[in-house]
Amino acid sequence: MISAALVKELRERTGSGMMECKRALEATAGDIEAAVEKMRKEGMAKADKKAGRVAAEGTVVVELAADGKSGLIIEINCETDFVAKDANFQAFCEAVATAALKARPADLDALMSTSLDGETIDERRRALIAKIGENIGVRRFEFINGESGAMGAYVHGGRIGVLAAVKGGDAELAKDIAMHVAASNPSYVSADDVPEEIKAKERDIIAAQIADTKKPADIVAKMVDGKLRKFLSEITLMGQPFVKNPDITVEKLLKDAGASVIAFQRYAVGEGIEKQTGDFAAEVAAAAQAAK
């Protein structure tokens, strides 16, 4: 006879459902350590089965070091927006970010092998998959060092996150830059950072667009230059109107503060992931049929 107290203890240790814990204890004749091991193995198997499923929802976490001189941005994915808001998933994401900021792993493989309360992050991830029932993956992360400057972090709705480092400014300015990047999504800091091949390609596009104009060659050249400058201002942080005061550019904001941007990184949940589409009603009907 498996006691309720034993089931309760196993639930607290594994976070699994009551009936699942009871079955594991019955299968191991009440040996709680054996039951824990059994459930872990079963959880790993469940995680492996879900590994091929597309996980394009999730959250972005941005965390600053205690000294304010560096920070981490990380994206962790799940399959549905419902799970993205789940407390267990959110707690996992925060724990991974904290562990990563402390350990400073070199790549994803090293991150997944990082210790988290006596187990690796990957083991914790697999256990969470078994508990929640969705594929979960740590997709990408990046560290930014602020050197002698200030760091800024901004997260919008858990879906867009930005980490920014400024030199010569304070934490408030760094946060304003992070907020601007979240809203305006610049690709580069300044026009000097835009690769020459991108500039050349855009110049060719502009030239083709105005090829039919009957204007002198020198006027056409000036038109191309003007349109190229406009294009560069739109895709660079320095050229964009500051989101909190569109009357000035970010470049002027920084100049007035005697500051410059060292680096920034912006993540949006699921960007670049090809999402699967399907007939939800058909999926429900198929699931109901399979349950019969």
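Could you identify the single residue in VAL194, VAL162, VAL181, VAL189 that is touching a residue at least 40 places away in the same chain (Cβ under 8 Å) and under 26 Å from VAL54 (Cα atoms)?
Just one listed residue meets the conditions, VAL162.
Closer than 16 Å to ILE74 by Cβ, among the hydrophobic types (A, V, I, L, M, F, W, C) and modelled with pLDDT of 95 or more: does that describe LEU111?
It is true that LEU111 is closer than 16 Å to ILE74 by Cβ, among the hydrophobic types (A, V, I, L, M, F, W, C) and modelled with pLDDT of 95 or more.
When the residues of the range 67-99 are narrowed to those that are assigned to a strand (DSSP E or B) and under 12 Å from the mean Cα position of the chain (by Cα), which ends up farthest from ALA165 (Cα to Cα)?
Among those residues, the one meeting the criterion is CYS78.
Which residue, of PRO195, PRO186, is at pLDDT 95 or above and more than 22 Å from ALA268 (Cα to Cα)?
The match here is PRO195.
So SER16 clears everything in (1) modelled with pLDDT of 80 or more; (2) over 21 Å from the mean Cα position of the chain (by Cα); (3) not in a helix (DSSP H, G or I) except one condition, right? Which one?
Evaluating SER16 over (1) modelled with pLDDT of 80 or more; (2) over 21 Å from the mean Cα position of the chain (by Cα); (3) not in a helix (DSSP H, G or I) leaves (1) as the failure.
From the list GLY58, GLY71, GLY30, which one is at positive phi, touching a strand residue (DSSP E or B) at 6+ places or on another chain (Cβ under 7 Å) and either at pLDDT 85 or above or among the polar types (S, T, N, Q) (or both)?
GLY58
The values are calculated or read from the model by the stated rules, or taken from the named source; none is laboratory data. Source: prediction; values computed, not measured. Every residue, glycine as well, gets a Cβ built from its backbone with ideal geometry; the counts of neighbours run over all protein chains shown.
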